[in-house]
Amino acid sequence: MRFNLDPHGSWLVDPRDLAARLGVSVSYLKRQMSLGLISSRVDPGRDDDEGRSRVTIRAVAAAWEGVFDRDGILLSERRI
């Protein structure tokens, strides 16, 4: 899984990767996103994660958190 920047500086994740990590189908994920039921948060890493980004995604029935390095490579993850 990669965390990429779009031309406007916004972070992007492949919806297929995200759906798999949340345990839902891509169509379900996209439908929930269109309804505004998916929230995302990007926080700068602290302490051991300094220089990294912590990404938290919350859906209706699941949540996921990943830590990415400066190049957007997933270093660690967990379902929450």
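Determine whether Ser27 is open to solvent by 40 Å² or more (accessible area, probe 1.4 Å), under 13 Å from the mean Cα position of the chain (by Cα), modelled with pLDDT of 85 or more and among the hydroxyl-bearing types (Ser, Thr, Tyr). Considered against the rule, which asks whether it is open to solvent by 40 Å² or more (accessible area, probe 1.4 Å), under 13 Å from the mean Cα position of the chain (by Cα), modelled with pLDDT of 85 or more and among the hydroxyl-bearing types (Ser, Thr, Tyr), Ser27 comes out as no. In this structure, Arg78 qualifies as in a strand (DSSP E or B) and open to solvent by 90 Å² or more (accessible area, probe 1.4 Å). In region 51-68, of all residues being open to solvent by 40 Å² or more (accessible area, probe 1.4 Å) and assigned to a loop (DSSP other than H, G, I, E, B), the one that is modelled with the highest pLDDT corresponds to Arg52. Among the residues of this structure, Asp48 counts as one that is on the phi < 0 side of the Ramachandran plot and open to solvent by 70 Å² or more (accessible area, probe 1.4 Å).
The values are calculated or read from the model by the stated rules, or taken from the named source; none is laboratory data. Computed from a predicted model, the values in this text were never measured in an experiment. With ligands, DNA and RNA removed, areas are computed over all heavy atoms of the protein, side chains included. Shrake-Rupley method; radii C 1.70, N 1.55, O 1.52, S 1.80 Å.
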